[in-house]
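A short worksheet on the structure shown next.
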Amino acid sequence: MPPIALSSTFDASLHASIARETDRSVIPGRWLVLAAIAGLVMLTLAMEYERLSIALLSPATLIFALTFVALGMVRHAFRNPTSHGQRIARDMAEYYGLFTIITLTGALASYPVSAMTSGYVDEGLERADAILHFDWLAWYTLVAEHRALQIVGTAFYQSIYASPAILLGWFAWTNKRAAARRFIASFWVAAVLALVMFRFMPAVGPFATLAHGPVPYMPDSGLWMDQLIPELRLHLFHVIDLGAIRGLVSAPSFHTASAVLFIAAAWPYRTLRWPLLALNVAMLISTPVEGTHYLSDMILGAAVAGVALGAVAALSEALSRRTGNWQPVLVPAKAARRS
């Protein structure tokens, strides 16, 4: 094929690839940026109100700052991509940047929200677990007696960082912009809902309330909530180091909400469906002990994810209908096999 014809074929392929998503009604990127900014503004006000601050000169803060600057530069440099590689780099920078800002904002917001709380709802969650016939102490004892379960459970519990990296990287690689933005939007909605619920139903988890005497095994989450929440309420804790940040939301379980969101995002695509389903089911199994969660607050976490998914699906379909280009939010299974 002559060079000119080959170039024309490449250009047509590139433009068709980009148009495949931009011609649809996707959640506008500026909406996600505004949502992230709104979260940062609310975080700043809440931290100021509770007299909290970030250790600005800590190594972790500098690393985050440099990372966001680098991602922003890549996103801006390739805003009008002329190759598939540039498009992939642009989308990865956008997706990873927005997702990291949203998750970091949510984790930080759990500190001032914790300071605003009073009392605990652990007793009610324990009663709910009893109704569900879930024995957390038996579950914990089983893990404490088997070193292999501790190692595997910790690894799967920490896989919460792996799933979004896989999803967003795959969405960028395969040009699934609509799916990526729905996923990011659903995570933002879930984070907001979880923080609002936590404000009115704080808990420290079953490890702090049920495990007494010598500790045969310290779960991955340890006793952070039992130690930090009282200090935050009494204003004895003031500076947050991003290198040691801990999400303090126990109820609803955000690990559970995240697992449901990860599975939902991966489900329409055969390449991702079963690997991420297996990974996140394993994470859910590890969550009661490693995350020190009641089964009842895990159910609440799943409900949070369901509401977030429903809200974002409704928004996406409303945008599609407005542009006269409506299509179901989820890709049918047969069509997904071609992905």
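The values are calculated or read from the model by the stated rules, or taken from the named source; none is laboratory data. Given the structure is predicted, the values throughout are model-derived calculations rather than measurements. With ideal geometry, Cβ positions are generated from the backbone for all residues, glycine too; neighbour counts draw on all protein chains shown. Surface accessibility is based on the protein's heavy atoms, side chains included, excluding ligands, DNA and RNA. Shrake-Rupley method; radii C 1.70, N 1.55, O 1.52, S 1.80 Å.
Going from the alpha-carbon gyration tensor of region 160-254, what semi-axes, largest first and in whole Å, does one get by taking the root of 5 times each eigenvalue?
Value: 32, 17, 14 Å, ordered largest first.
Near the amide H of Ile240, under 5 Å away, which other amide H atoms are found, from residues 5 or more places off or on another chain, if H is placed in the peptide plane?
Residues meeting the criterion, in which the H sits 1.01 Å from N, are Ser53, Ile54, Ala55.
With label points built 7 Å along Cα→Cβ from the Cα atoms of Arg321 and Thr82, find their separation and express it in nm.
Output for this residue pair reads 4.3 nm.
Report, in deg cm²/dmol and to the nearest 500, the calculated mean residue ellipticity at 222 nm for the chain, where each DSSP H run with n ≥ 4 adds -39500 (n - 2.57) and the sum is divided by the residue count.
Helices in the chain give a 222 nm mean residue ellipticity of -23500 deg cm²/dmol.
Leaving out ligands and nucleic acids, note down the accessible area per residue over the chain with a 1.4 angstrom probe, in whole Å².
49 Å²
Starting from 0.36 nm per residue, how many nanometres of slack lie between Leu132 and Leu149 once their C-alpha separation is accounted for?
3.7 nm
Expected output is a single nm value to one decimal: the length gained when fully extending between Arg30 and Met116, i.e. 0.36 nm times separation in residues minus the C-alpha distance. What is it?
Stretched out fully, the Arg30 to Met116 stretch lengthens by 27.8 nm.
From largest accessible area down, sort Asp241, Asp129; use a 1.4 Å probe on the protein chains.
Largest to smallest exposure gives the sequence Asp241, Asp129.
Any idea what the dipole of region 195-326 comes to, in debye rounded to 20, about its Cα centre with Lys/Arg Cβ at +1 and Asp/Glu Cβ at -1?
The dipole magnitude comes to about 540 debye.
Hey, how much of the P(r) for the chain falls beyond 37 Å, as a percent of Cα pairs?
Here the tail beyond 37 Å accounts for 23 percent of pairs.
State the extension gain, in nm to one decimal, for the chain segment bounded by Arg51 and Trp139, taking 0.36 nm per residue of separation less the distance between their alpha-carbons.
The Arg51-Trp139 span can extend by a further 27.8 nm.
For the full complex of protein chains and a 1.4 angstrom probe, list His76, His212, His293 by accessible area with the highest value first.
Of His76, His212, His293, the descending order of accessible area is His212, His76, His293.
With helices defined as uninterrupted DSSP H runs, which ones in the chain have an alpha carbon span along their own long axis of at least 24 Å and mean Kyte-Doolittle hydropathy of at least 0.0?
In the chain, the long hydrophobic H runs are 3-22, 29-49, 59-77, 84-115, 177-200, 270-290, 295-322.
Using only the Cα atoms of region 109-201, what semi-axes does the equivalent ellipsoid have when each is the square root of 5 times a gyration tensor eigenvalue? Give whole Å, largest first.
31, 24, 12
Let me know the shape class of region 101-163, please: from the alpha-carbon gyration tensor, a ≥ b ≥ c as square roots of the eigenvalues, rounded when a/c is under 1.5, otherwise prolate if a/b is greater than b/c, or oblate.
It comes out oblate by the Cα gyration axes.
For Val307 and Leu236, FRET efficiency with R0 = 30 Å and r from the beta-carbon atoms, rounded to 0.05?
Computed FRET efficiency for Leu236 and Val307: 0.30.
Once label points are set 7 Å from the Cα along Cα→Cβ at both Ala65 and Arg270, what is their separation, rounded to one decimal in nm?
So the two model labels end up 4.9 nm from each other.
Apply the Kirkwood formula to region 204-263: the hydrodynamic radius equals the inverse of the mean of 1/r over all pairs of different alpha-carbon atoms; give it in Å with one decimal.
After inverting the mean inverse Cα-Cα distance, the result is 13.5 Å.
Under a point-charge model restricted to the Cβ atoms of Lys and Arg (+1) and Asp and Glu (-1), what is the dipole moment magnitude of the chain relative to its Cα centre, in debye to the nearest 20?
Using only the charged Cβ atoms, the result is roughly 1700 debye.
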